[in-house]
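Novice: Take a look at this one; I'll ask things after.
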Amino acid sequence: MKDQIEALEELQIIDEELRDIESDLRKYPQQISEYKNELQLIKDTLNKKKSDLDELEEAKNQLEQKLKDNEETIRKADKRLFEIKTHKEYEALQKEISETKKSNIEIEEQLLLKMDQIEKLEDEIKDEESRLELKENDYNEKIDEYEKIINDLKAKHEPKQKKKDEAASKINKEILSVYEKIRQRNGSALAEVTNEVCTGCNMNIPPQLYNEVLTQDKIIQCPNCKKILYAENKNSEE
């Protein structure tokens, strides 16, 4: 049974190393994903502002064209004033000119508003572009670094997994099953006993049970945390 306990100790060390590798293999891709999502969010915001700017520019162009058309209408109407023969026609044309000029005042007010909105949005776009550039430089550098770390971790994981399989092959299937159940529940399956205390839960071990742990004749589990107990310095403790 001593060889089984030693094999379990070896297996636990490997499992802990694998756990750290697998934890990092989850952590770094998640961080990369967060960086990419943040960059995409900035890009989406930037694209939306640019789209809004295009709409404002189009609206501004339409207003300017309308203003230009109205000015042409007024110019032609002014010219026609000298050709009119009746008072009724004169009044109708004067009314048309007046309404067109009034329309122009409203258009000019709308143009000023659009120009203010465009100027403000252009400033926001410049700020957003600067922010994106800074973030991209920073995050892309980190992403490259993390991707290299991920590749290194993957390169370590496969041989470590093979080493685990080799260690597990030395252990009795029933004992291995107990080990795996405890490990899945508690994170680790073995706990060293030091001075009659389980280091897994810091609870005292009954003297008789402690002696059985020292003899290593069978698998002993802690009465409290249920971890498999072992004594590293058997001879000195005896």
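Novice: Would you please give the residues with an amide H less than 5 Å from that of Thr194, counting only those at least 5 places away or on a separate chain, with H modeled from the backbone geometry?
Specialist: Amide H neighbours of Thr194: Thr199.
Novice: Compute the helix-to-body angle for 173-186: its Cα long axis versus the longest principal axis of the chain, expressed 0 to 90° and rounded to tens.
Specialist: In the chain, helix 173-186 runs at an angle near 50 degrees to the longest axis.
Novice: List Asp44, Asp20 from most exposed to least, where exposure is judged by having the fewest other Cβ atoms within 10 Å.
Specialist: Sorted ascending by nearby Cβ count, the order is Asp44, Asp20.
Novice: Relative contact order (percent) for the chain, with alpha-carbon contacts under 8 angstrom and 6 or more residues of separation?
Specialist: Value for the chain: 29 percent.
Novice: Which whole-number percentage describes the relative contact order of the stretch 173-237, with Cα contacts under 8 Å and a sequence gap of 6 or more?
Specialist: Relative contact order here is 31 percent.
Novice: When 1/r is averaged over all different Cα pairs and the result inverted, which Kirkwood radius in Å belongs to the chain?
Specialist: That comes to 25.8 Å for the chain.
Novice: Subtract the Cα-Cα distance of Gln117 and Glu22 from 0.36 nm times their separation in residues, and report this length gain in nm to one decimal.
Specialist: Full-extension gain reported as 29.1 nm.
Novice: Another question about this same structure. Express in nm, to one decimal, how much length is gained between Glu192 and Asp217 on full extension, taking 0.36 nm for each residue of separation and deducting their alpha carbon distance.
Specialist: Once the chain is fully extended between Glu192 and Asp217, it gains 7.4 nm.
Novice: Just want the ordering: Thr86, Thr199, from fewest to most Cβ atoms lying within 10 Å of their own Cβ.
Specialist: Ordered from fewest to most neighbouring Cβ atoms within 10 Å, Thr86, Thr199 come out as Thr86, Thr199.
Novice: Additional query: From the cross-link list Lys27/Lys48; Lys142/Lys163; Lys163/Lys227; Lys60/Lys95; Lys156/Lys181; Lys148/Lys173, which pairs have alpha carbons spaced over 29 Å apart?
Specialist: Exceeds cut-off: Lys27/Lys48; Lys142/Lys163; Lys148/Lys173.
Novice: So what's the back-of-envelope 222 nm ellipticity for the chain, counting only DSSP H runs of four-plus at -39500 (n - 2.57) apiece and dividing by all residues, rounded to 500?
Specialist: Value at 222 nm, helices only: -29000 deg cm²/dmol.
Novice: Tell me, what is the FRET efficiency for Ser51 and Glu133 to the nearest 0.05, using R0 = 30 angstrom and their Cβ-Cβ distance as r?
Specialist: Calculated value: 0.90.
Novice: If each residue's Cβ is checked for other Cβ atoms within 10 Å, how do Leu63, Leu111 rank with the fewest at the top?
Specialist: Fewest-to-most Cβ neighbours within 10 Å comes out as Leu111, Leu63.
FYI, it's all coordinate maths here, none of it is from the lab. Given the structure is predicted, the values throughout are model-derived calculations rather than measurements. Glycine gets a Cβ as well: all are built from the backbone with ideal geometry, and neighbour counts include every protein chain shown.
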